[in-house]
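Here the structure is laid out as structure tokens; the discussion comes afterwards.
Here, each number is a calculation from the coordinates, and none is a lab measurement. On a predicted model such as this, the values are computed, not experimentally measured, just so you know. For neighbour counting, all protein chains shown are included, and Cβ atoms are generated from backbone atoms with ideal geometry for every residue, glycine included.
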Amino acid sequence: MPEAVANRIAAGEVVERPASVVKELLENALDAGAAAVRIETEMGGKRMIRVIDDGHGMTHDDALLAFERHATSKLRTADDLLSIATLGFRGEALPSIAAVSRLLLETRDANEAEGTRVEFAGGKLLGVKPAGLPAGTTVSVADLFYCMPARRKFLKSDTTELGHIASLVTHYALANPGKQFTLATATQTIIDCPPAEKMADRVYQLFGRQALEELVEIPAASGSFRAAITEPGMEAGEEPAALTLTGFTSRPSVQRLNRNGIYVFVNRRLVRDRLILHAIHEAYRNIMPSNVFPATLLFLDMPYDEVDVNVHPAKIEVRFRRGQFVHDFARDAIRQPRDSRR
């Protein structure tokens, strides 16, 4: 199989729609230590996506190496997969995006005198030039799927695709309240969140006063992991690991017809986890009808080796080492104090 064809097949697993591009570039920006990230789009991201960050940037050599498939500085050995501390780790994002778009990377390491500009089109390197740039990285992605017309036809309207991007940026802004996030089109600024001191301030920025008033803060809970009978026990000499949970949940009078108001983050990564969803459902058992759902923001922090994030290509599913304990801990934390939510 020609390399260009293989690259496009692989890209299809990573880049599903414009929001997929934003997700990968946002994760790279956050992993690079960015304090501020700006996302600009045109035509719902189909014409152009630009992600600008003030992270540590890349040297000339690293900028070129970043487009080699599976080239990453985030993992070095197979054992590192057991304790992943970064949002990205597979080294697939940039080569996948470059294979299905016209991509321009502009980056400068803070310790370098000049930056580097790298340009790709349909997976082919068009040019590499030195450039006077600020520290950080800007990635511009134009004409997504221009070389794959059949794939482009599956994209939805500009409004729908922009909605997916806005939802994604909202998730990352929630997970990183101390950082600045901006999402803008040519005609409007959709999200503009300066750094927030408290999570309540970030909720207010994103959802407004009414949404915040419908929520009750979950008192910060922490505990040491214990294993259920069916789960792995502590190894010899292993110290009990700490699990902490913070967040917000709604009063029983606030009822949603779907789970769209439930956000679960594990180590600042947005996840969809049936175990945690079941714990939320159990926390509201007998005080809310079974066919409606609360609005809940949960933030679980735990040692990286207690959770496996290398489960699904989209990195949105996780597997807990001691799932039953995590389930019961989350359920009990959400229940307290129940009286204040009535």
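Within the shell defined by Cβ-Cβ distances under 12 Å, the residues around LYS156 carry a net charge of +1, with Lys and Arg each +1 and Asp and Glu each -1. With the simple spin-label model, which puts each label point 7 Å out from Cα in the Cβ direction, the ALA135 to ASP328 separation comes to 4.9 nm. Electrostatic tally near ALA186: other residues with Cβ closer than 12 Å to its Cβ, Lys and Arg +1, Asp and Glu -1, net -1. Among 97-107, 291-301, the peptide with the highest mean count of other Cβ atoms within 10 Å heads the list, and the full ranking is 97-107, 291-301.
Simple spin-label estimate for LEU125 and ALA184 gives 3.3 nm between the two label positions (7 Å along the Cα-to-Cβ direction from each Cα).
Once the Cα-Cα distance is subtracted from the 0.36 nm per residue extended length, the ARG256 to THR244 segment shows a gain of 1.7 nm. Remark on THR296: its backbone amide H falls under 5 Å from those of ILE262, TYR263, a criterion applied only to residues 5 or more positions apart or on other chains, H modelled at 1.01 Å from N. Here is the P(r) of region 244-339: all C-alpha pair distances, binned every 10 Å from 0, give 16, 52, 27, 5, 0 in whole percents. Computed over neighbours whose Cβ is under 12 Å from that of LEU126, the net charge equals +3, Lys and Arg +1, Asp and Glu -1. Phi-derived couplings, Karplus 6.51 cos²θ - 1.76 cosθ + 1.60 at θ = phi - 60°, listed residue by residue for region 179-187: 10, 9, 10, 9, 10, 9, 10, 5, 10 Hz, with x used for Gly and Pro. In plain terms, the residue of HIS281, HIS327 with the fewest other Cβ atoms within 10 Å comes first and the most crowded comes last, giving HIS281, HIS327.
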